[in-house]
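Trainee: For reference, the structure I am asking about is given below.
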Protein chains: 2
Amino acid sequence: MSNPVLVEVTRGDVVESRHRGAIAIFDANGAPVLRIGDTGRRVFPRSAIKALQALPLVESGAADALDYDAAELALACSSHNGEERHVNAARVMLIKAGLEEDALECGPQWPSRVEDVADLVRAGETPCALHNNCSGKHAGFLGLAKVLGAPTRGYVLPDHPVQQEIKAVLETLTGDTLTPDICGIDGCAIPTFATPLDGFARAFAAFGTGENLEPLRAEAARRLYDACVDNAYMVAGTDRFCTRAMAGFRRRVFVKTGAEGVFCAAIPELGLGIALKCDDGASRASEVMMASILEAFLDLNDAEKALLEDLTQPAIKTRLDVKAGVIRPTSDFLTDLRRAASVSI
Amino acid sequence: MSNPVLVEVTRGDVVESRHRGAIAIFDANGAPVLRIGDTGRRVFPRSAIKALQALPLVESGAADALDYDAAELALACSSHNGEERHVNAARVMLIKAGLEEDALECGPQWPSRVEDVADLVRAGETPCALHNNCSGKHAGFLGLAKVLGAPTRGYVLPDHPVQQEIKAVLETLTGDTLTPDICGIDGCAIPTFATPLDGFARAFAAFGTGENLEPLRAEAARRLYDACVDNAYMVAGTDRFCTRAMAGFRRRVFVKTGAEGVFCAAIPELGLGIALKCDDGASRASEVMMASILEAFLDLNDAEKALLEDLTQPAIKTRLDVKAGVIRPTSDFLTDLRRAASVSI
């Protein structure tokens, strides 16, 4: 079975490239609202579920014990650009846990933006694990390990208590059983389990509404949701889709990207959870898919409309900043979205 | 019609992402040897046909009039990393034409490699048009404009004599008629025409063998072929697929990548021309497609085998350089390739 083409990239009047994908949208009762493509196929969620992976940190009381503030909780859910504020916040999280950066087991990574690369070079530095886009998540893992009284070394390994806690949360929220045969190593060295999009959509409907969650978990989800939407810059950074969308929608939506074209979201006012993957792993397409979903399902004010106009049809430009084409949803995809939205709202 | 999945990306034991594509392989008589997917669909060739776009520079005598050496001809066919040797060679090409870098109309671009970005920053510089991966091609265009007696300003525009010369060459070699409705603006500001892969495969079979070309053009093709395969570093740069493949095959193959997942090649000893596009525009997949074709069709020595083992199955690694998965051809794709190769050789 082929997933449908959902996004196309044009140049002049010609479609130059095509992106296929699958999308699951579920309500807070755990019922599907829209399924496009094969949403039962196992997909590695990668960084799109960092907010779920942060639940044990808050539920356990570790976040409070370590005095992590909302911006730091947002960083624990982030895939950040490695900008100065991100790096500093990750460092502070480690200090609060009595640790230093050499405790991080995610590996080093250059910052995303050339401006930040240039700053590092001018300072005579090379990137360290704090610059890794996952450093906030890892700092949170280390904080949890500390409060659990578990060893901090080896916190990325599948049988470490931190990873076991996370696995248990994911099994409950997705309804899936996470076995070694569906386990891969994520780019930052932690285990990642391939689960159907249906499961992640269900999980994010619960994350955004608190429905069907035990009180402690519902409260942890609410705190992480608030932390992310109130500190959108910490979740991604300058010019990033997640930051622009969450800042622009002012608490109405939570969105989080993951590597290889995954995107998850929660829309509490509609009770919806969303999970999607672009087949080929392209973020440019997963972003347009997510923006198109937000546009179809949400009642928009003018500022939100203007933002989504940008995010649903980003321009392809030449090196001289001349528009050469556009990345856009296909008309069949838009038709499917509008039909589902009109039924569900 | 869906193009087939030709390349898959794994993580652990799970296929994480999938890339579809179309491939045309033609012989020097202009007959198809293998067609996979819709090879009649129009595709922007982007930088994959820079060697064809350089034919007028050589045919016209401009390259000799300006004393361009083989390394400079290779740079005229290149999508380079913006490393120091590339930038210097582009500057020399301009000087030989009596021009300076402000004549370039391709726009600035940071070098591809972070090492070269760091060198620029340490020197207190920002990138200029010489660092643009297309600067060699543009320097060649400017050289041709000079020798033709055409204005150098506006050499990127569709009705400029340089672009008209190139269009005429492409129409002859591909058998296509290049009309404004199939014209887009390339990332470096020049016109790019969408033509079926069949046409490009035919063109590269002629480019690599000289067959069915008038003597002057056959001689120009031979010089450009030799320039590229003898100066593989100038065509791309450190760690790049084109450079590794051409250096490793020592004159046996010409390969050239283009943006949005296009790849073209010529294998003179077999009389073959190859053109392919990954539907979604991913280079990681177009590279594996090309490497798999070379592996299927060529008789390989041990060094070539070792090189292709790397290029057909590049590893997906964590930030700590641990192998997490692989990019590889699908088994159906390999079967198709081997069947076609066994018939044609």
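Trainee: Of the residues A:F297, A:F249, A:F241, which is within 27 Å of B:A282 (Cα to Cα), in contact (Cβ under 8 Å) with a residue 24 or more places away in the chain and of a type in the set (A, V, I, L, M, F, W, C)?
Mentor: Numbers: A:F297 fails: within 27 Å of B:A282 (Cα to Cα); A:F249 fails: within 27 Å of B:A282 (Cα to Cα).
Residue meeting the stated conditions: A:F241.
Trainee: With the checklist (1) within 30 Å of A:E211 (Cα to Cα); (2) within 11 Å of another protein chain (Cβ to nearest Cβ); (3) free of Cβ contacts under 8 Å to residues at least 60 places away in the same chain in hand, flag the one item A:Q164 doesn't pass.
Mentor: That leaves (2) as the condition not met.
Trainee: Would you check which residues across segment A:212-228 are open to solvent by less than 10 Å² (accessible area, probe 1.4 Å) and closer than 21 Å to A:R202 by Cβ and list them?
Mentor: Of all residues in segment A:212-228, those open to solvent by less than 10 Å² (accessible area, probe 1.4 Å) come to A:220-221, A:224, A:227-228.
The answer is A:A220, A:A221, A:L224, A:C228.
Trainee: Before we move on, is A:P108 assigned to a loop (DSSP other than H, G, I, E, B), touching a Leu at 6+ places or on another chain (Cβ under 7 Å) and either within 14 Å of chain B (Cβ to nearest Cβ) or over 19 Å from A:D226 (Cα atoms) (or both)?
Mentor: Details: assigned to a loop (DSSP other than H, G, I, E, B): yes; touching a Leu at 6+ places or on another chain (Cβ under 7 Å): no; either within 14 Å of chain B (Cβ to nearest Cβ) or over 19 Å from A:D226 (Cα atoms) (or both): yes.
It is false that A:P108 is assigned to a loop (DSSP other than H, G, I, E, B), touching a Leu at 6+ places or on another chain (Cβ under 7 Å) and either within 14 Å of chain B (Cβ to nearest Cβ) or over 19 Å from A:D226 (Cα atoms) (or both).
Trainee: Find the residue count for segment B:247-262, including only residues that are open to solvent by less than 10 Å² (accessible area, probe 1.4 Å) and more than 14 Å from chain A (Cβ to nearest Cβ).
Mentor: Let us first name the residues in segment B:247-262 that are open to solvent by less than 10 Å² (accessible area, probe 1.4 Å), namely B:249, B:253-256, B:258, B:261-262.
From the residues that got through so far, the ones that are more than 14 Å from chain A (Cβ to nearest Cβ) too are B:249, B:253-256.
Count: 5.
Trainee: Next up: Which numbered condition in (1) out of contact with any Cys (no Cβ under 6 Å at 6 or more places or on another chain); (2) surrounded by fewer than 23 Cβ atoms within 10 Å (Cβ to Cβ); (3) within 11 Å of another protein chain (Cβ to nearest Cβ) is the only one that A:E100 fails?
Mentor: Just one mismatch for A:E100, condition (3).
Trainee: Is it true that A:A97 is closer than 23 Å to A:M246 by Cα and in contact (Cβ under 8 Å) with a residue 40 or more places away in the chain? I'd like the intermediate steps shown before the answer.
Mentor: Values: closer than 23 Å to A:M246 by Cα: no; in contact (Cβ under 8 Å) with a residue 40 or more places away in the chain: yes.
Answer is no for this residue.
Trainee: Given the structure, is A:V92 open to solvent by 40 Å² or more (accessible area, probe 1.4 Å), modelled with pLDDT of 95 or more and more than 14 Å from every other protein chain (Cβ to nearest Cβ)?
Mentor: Values: open to solvent by 40 Å² or more (accessible area, probe 1.4 Å): yes; modelled with pLDDT of 95 or more: yes; more than 14 Å from every other protein chain (Cβ to nearest Cβ): yes.
Criteria met by A:V92.
Trainee: Hey, another quick one. Kindly indicate whether any position in segment A:107-114 is open to solvent by less than 10 Å² (accessible area, probe 1.4 Å), of a type in the set (S, T, N, Q), out of contact with any Pro (no Cβ under 6 Å at 6 or more places or on another chain) and within 25 Å of A:I49 (Cβ to Cβ).
Mentor: no
Trainee: Pick from segment A:43-62 the residues that are charged (D, E, K, R) and open to solvent by 10 Å² or more (accessible area, probe 1.4 Å): which of them is farthest from A:F200 (Cα to Cα)?
Mentor: Step one: filter segment A:43-62 for residues charged (D, E, K, R), giving A:46, A:50, A:59.
Narrowing the set further to residues that are open to solvent by 10 Å² or more (accessible area, probe 1.4 Å) leaves A:46, A:59.
Numbers: A:R46: 12, A:E59: 20 Å.
Checking each candidate, the answer is A:E59.
Trainee: Sticking with this structure for a sec: Would you mind stating whether B:S292 is touching a strand residue (DSSP E or B) at 6+ places or on another chain (Cβ under 6 Å), within 30 Å of A:G325 (Cα to Cα) and of a type in the set (S, T, Y)?
Mentor: Values: touching a strand residue (DSSP E or B) at 6+ places or on another chain (Cβ under 6 Å): yes; within 30 Å of A:G325 (Cα to Cα): no; of a type in the set (S, T, Y): yes.
So B:S292 does not fit the description; no.
Trainee: Something else: Step by step: first the residues of segment A:115-145, then only those that are part of a helix (DSSP H, G or I), within 12 Å of chain B (Cβ to nearest Cβ) and under 23 Å from the mean Cα position of the chain (by Cα), then the one that is surrounded by the fewest Cβ atoms within 10 Å (Cβ to Cβ). Which residue is that? Walk me through how you get there before you give the answer.
Mentor: Initially, segment A:115-145 is screened for residues part of a helix (DSSP H, G or I), giving A:115-122, A:129-131, A:135-145.
Imposing the further condition that a residue be within 12 Å of chain B (Cβ to nearest Cβ) reduces the set to A:115-122, A:129, A:131, A:135, A:138.
Remaining after also requiring under 23 Å from the mean Cα position of the chain (by Cα): A:116, A:129, A:131, A:135, A:138.
On the way: A:D116: 21, A:A129: 23, A:H131: 26, A:S135: 30, A:H138: 26.
Per the criteria, the residue is A:D116.
Trainee: I would also like to ask the following. Filter segment A:315-345 down to the residues that are under 25 Å from the mean Cα position of the chain (by Cα) and within 14 Å of chain B (Cβ to nearest Cβ) and list them by number.
Mentor: A:A315, A:I316, A:V326, A:I327, A:T330
For (1) among the hydrophobic types (A, V, I, L, M, F, W, C); (2) surrounded by fewer than 21 Cβ atoms within 10 Å (Cβ to Cβ); (3) more than 8 Å from every other protein chain (Cβ to nearest Cβ), each residue gets a yes or a no:
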| residue | (1), (2), (3) |
| --- | --- |
| A:M1 | yes, yes, yes |
| A:L6 | yes, no, yes |
| A:G12 | no, yes, no |
| A:E16 | no, no, no |
| A:G21 | no, no, yes |
| A:D27 | no, yes, yes |
| A:A31 | yes, yes, yes |
| A:R35 | no, yes, yes |
| A:R41 | no, yes, yes |
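Trainee: Taking the condition more than 30 Å from A:R113 (Cα to Cα) and either open to solvent by 20 Å² or more (accessible area, probe 1.4 Å) or of a type in the set (D, E) (or both), does B:G149 pass? Before the answer, list the steps.
Mentor: Working: more than 30 Å from A:R113 (Cα to Cα): yes; either open to solvent by 20 Å² or more (accessible area, probe 1.4 Å) or of a type in the set (D, E) (or both): yes.
Considered against the rule, which asks whether it is more than 30 Å from A:R113 (Cα to Cα) and either open to solvent by 20 Å² or more (accessible area, probe 1.4 Å) or of a type in the set (D, E) (or both), B:G149 comes out as yes.
Trainee: With (1) surrounded by fewer than 23 Cβ atoms within 10 Å (Cβ to Cβ); (2) part of a strand (DSSP E or B) as the list, and A:D159 as the residue in question, which single condition is left unmet?
Mentor: A:D159 satisfies all of (1) surrounded by fewer than 23 Cβ atoms within 10 Å (Cβ to Cβ); (2) part of a strand (DSSP E or B) except (2).
Trainee: Among the residues of segment B:316-342, what is the count of those that are without any contact (Cβ under 8 Å) to a residue 12 or more places away in the chain and either closer than 18 Å to B:L270 by Cα or in a strand (DSSP E or B) (or both)?
Mentor: Adding up the residues that qualify gives 4.
Trainee: Looking at A:V92 and the list (1) outside any helix (DSSP H, G or I); (2) free of Cβ contacts under 8 Å to residues at least 40 places away in the same chain, which single condition is not satisfied?
Mentor: Condition not satisfied by A:V92: (1).
Trainee: Follow-up. In segment A:283-301, is there at least one residue being in contact with a His (Cβ under 9 Å, 6 or more places away or on another chain), modelled with pLDDT of 95 or more and of a type in the set (S, T, N, Q)?
Mentor: Keep residues of segment A:283-301 that are in contact with a His (Cβ under 9 Å, 6 or more places away or on another chain), which gives A:284-286, A:288-289.
Subsequent filtering for residues that are modelled with pLDDT of 95 or more retains A:284-286, A:288-289.
If we keep only those that are of a type in the set (S, T, N, Q) too, we end up with A:286.
Checked segment A:283-301: at least one residue is in contact with a His (Cβ under 9 Å, 6 or more places away or on another chain), modelled with pLDDT of 95 or more and of a type in the set (S, T, N, Q).
Trainee: Can I ask one more? Could you tell me whether A:A48 is within 14 Å of chain B (Cβ to nearest Cβ) and among the aliphatic types (A, V, I, L, M)? Walk me through how you get there before you give the answer.
Mentor: Working: within 14 Å of chain B (Cβ to nearest Cβ): yes; among the aliphatic types (A, V, I, L, M): yes.
So A:A48 passes the test.
Trainee: Can you find a residue that is out of contact with any Asp or Glu (no Cβ under 8 Å at 6 or more places or on another chain), farther than 27 Å from A:A31 by Cα and polar (S, T, N, Q) anywhere in segment A:207-216?
Mentor: No.
Trainee: Does segment A:199-215 include one or more residues that are in contact with a Leu (Cβ under 6 Å, 6 or more places away or on another chain), under 22 Å from A:A65 (Cα atoms) and not basic (K, R)?
Mentor: Among the residues of segment A:199-215, not one is in contact with a Leu (Cβ under 6 Å, 6 or more places away or on another chain), under 22 Å from A:A65 (Cα atoms) and not basic (K, R), which makes the answer no.
Trainee: Ok, one more. Taking segment B:168-202 as the region of interest, how many residues are charged (D, E, K, R), away from every other protein chain (no Cβ under 12 Å) and crowded, with 17+ Cβ neighbours inside 10 Å? Lay out the reasoning, then the answer.
Mentor: Going residue by residue through segment B:168-202, those that are charged (D, E, K, R) are B:171, B:176, B:181, B:186, B:198, B:202.
Restricting the remaining residues to those that are away from every other protein chain (no Cβ under 12 Å) gives B:171, B:176, B:198, B:202.
Applying the additional criterion that residues be crowded, with 17+ Cβ neighbours inside 10 Å yields B:176, B:198, B:202.
Summing the residues that are charged (D, E, K, R), away from every other protein chain (no Cβ under 12 Å) and crowded, with 17+ Cβ neighbours inside 10 Å in segment B:168-202 gives 3.
Trainee: Considering only residues that are hydrophobic (A, V, I, L, M, F, W, C) and open to solvent by 10 Å² or more (accessible area, probe 1.4 Å), look in segment B:263-293 and name the one that is nearest to the other protein chains (Cβ to nearest Cβ). Walk me through how you get there before you give the answer.
Mentor: The first filter runs over segment B:263-293 and keeps only residues hydrophobic (A, V, I, L, M, F, W, C), leaving B:263-267, B:270, B:272, B:274-276, B:278, B:282, B:285, B:288-291, B:293.
Checking the rest, the ones that are also open to solvent by 10 Å² or more (accessible area, probe 1.4 Å) come to B:270, B:282.
Numbers: B:L270: 30, B:A282: 6 Å.
So, considering only residues that are hydrophobic (A, V, I, L, M, F, W, C) and open to solvent by 10 Å² or more (accessible area, probe 1.4 Å), the one nearest to the other protein chains (Cβ to nearest Cβ) is B:A282.
Trainee: Which number in (1) in contact (Cβ under 8 Å) with a residue 60 or more places away in the chain; (2) more than 30 Å from B:V5 (Cα to Cα); (3) touching a Lys or Arg at 6+ places or on another chain (Cβ under 9 Å) marks the one condition that B:A48 misses?
Mentor: With (1) in contact (Cβ under 8 Å) with a residue 60 or more places away in the chain; (2) more than 30 Å from B:V5 (Cα to Cα); (3) touching a Lys or Arg at 6+ places or on another chain (Cβ under 9 Å) applied to B:A48, the lone miss is (2).
Trainee: Are any of the residues in segment A:286-299 among the aliphatic types (A, V, I, L, M) and farther than 17 Å from A:A265 by Cα? Walk me through how you get there before you give the answer.
Mentor: Filtering segment A:286-299 for residues among the aliphatic types (A, V, I, L, M) gives A:288-291, A:293-294, A:296, A:298.
Filter once more, so that each one left must be farther than 17 Å from A:A265 by Cα: none.
Looking through segment A:286-299, none of the residues is among the aliphatic types (A, V, I, L, M) and farther than 17 Å from A:A265 by Cα.
The values are calculated or read from the model by the stated rules, or taken from the named source; none is laboratory data. None of these values were measured; they are calculated from a predicted model. A quick note on method: Cβ atoms are made from the backbone with ideal geometry, for glycine too, and the neighbour counts reach across all protein chains shown. Heavy atoms of the whole protein, side chains included, go into the accessibility calculation; ligands, DNA and RNA do not. Shrake-Rupley method; radii C 1.70, N 1.55, O 1.52, S 1.80 Å.
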